[in-house]
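J.: Dumping the structure here so I can ask a few things about it.
Derivation of every value follows stated rules applied to the coordinates shown; laboratory data play no part. These numbers were taken from a predicted model, which means no experiment stands behind them. All Cβ positions, glycine included, derive from the backbone under ideal geometry; neighbour counts span all protein chains shown.
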Amino acid sequence: MITLVVGDIHPMVVDGIAHLVRTSGPELRWRGAGASWPDVLELAGGPASGPRVVLVEPAIGPVHETEAAIRELTQRGVAVVVHTADLRPVPIRRAVTAGALGVVLKTHSRDAVLAVVRAAAAGTFTTSSEWARRLVSDARMTPQLSPREEEVLRLLAIGLPRKVIGRHMSPPVATTTVVTYLNRMCEKYREIGRTISCPADVLRLAAEDGYLDLGGNYPRGSLEAAS
């Protein structure tokens, strides 16, 4: 028997998964649902016979909390499956890197959900479709940015001028090094066929890919600072 915990902030999603569990026979047992990582961790940590699976929308918490929670669940022997409508590759890849054992897109069928949950309970990584697999592993979808490159992007995104960003990095770097990071990111995006005409395009594309969680809104001056 597989004990299932759901993490999601949307009651309709939770109700749908609960119904799926209760109508799928004795193989699955409903444990409960939480709308935050602390709730999910508490539900998943109780006694259970057989494998435990957490089916979760990573956006129930900030990135650092999501990664830490997935690592903790994995250490407890709980399998984590990402269940998301977010098609940005970076958040999904970070969840998988932290230890998630499956990815299901919310547009996919109940059979797809069950298949991935069963695979995760058996310790096998799988996805609900070829598109989901590409979001996890296709190098052509988004470049791999280094932590220092991401740091530059975050500072640009809050509106810092390029000439002062280096002083706010840890450890600090020269402005010429900041420019090098920006140019390197431009080249990485060009290499996978994305259109880049100036560093401001990197800020936009990084947000689209999930490196930055800005909701499409940039502080005044941030795009100008990147240009």
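J.: How high is the relative contact order of region 2-137, in percent, counting Cα pairs under 8 Å that sit 6 or more residues apart? Working shown, then result.
T.: Numbers: 253 pairs, mean separation 28.3, N = 136.
Relative contact order here is 21 percent.
J.: Does anything in region 145-163 have its amide N under 14 Å from the 7 Å Cα→Cβ label point of Thr175, and if so which residues?
T.: Flagged as within label range: 161-163.
J.: With each label point set 7 Å from Cα along the Cα-Cβ vector, what nm distance links Lys163 and Ala139?
T.: About 3.9 nm separates the two model spin labels.
J.: How would region 2-137 be classified by its alpha-carbon gyration tensor: rounded, prolate or oblate, with rounded meaning a/c under 1.5 and the a/b versus b/c comparison settling the rest? Display every interim value, and only then the final one.
T.: On the way: a/c = 1.34, a/b = 1.13, b/c = 1.19.
It comes out rounded by the Cα gyration axes.
J.: Arrange the following residues from fewest to most other Cβ atoms within 10 Å of their Cβ: Cys198, Cys186.
T.: Details: Cys198 12, Cys186 18.
Exposure proxy ranking, most exposed first: Cys198, Cys186.
J.: Another question, then. As an exercise, use a Förster radius of 25 Å and the Cβ-Cβ distance of Thr107 and Gln75 to find the FRET efficiency, rounded to the nearest 0.05.
T.: Working: r = 31 Å, r/R0 = 1.24.
Once the sixth-power term is evaluated, E becomes 0.20.
J.: Restrict the search to region 122-158; then list the trypsin sites (Lys or Arg not before Pro) that DSSP places in a loop and that have at most 14 other Cβ atoms within 10 Å of their Cβ.
T.: On the way: sites: Arg133, Arg134, Arg140, Arg148, Arg154; in loops: Arg140.
Filter output for region 122-158: Arg140.
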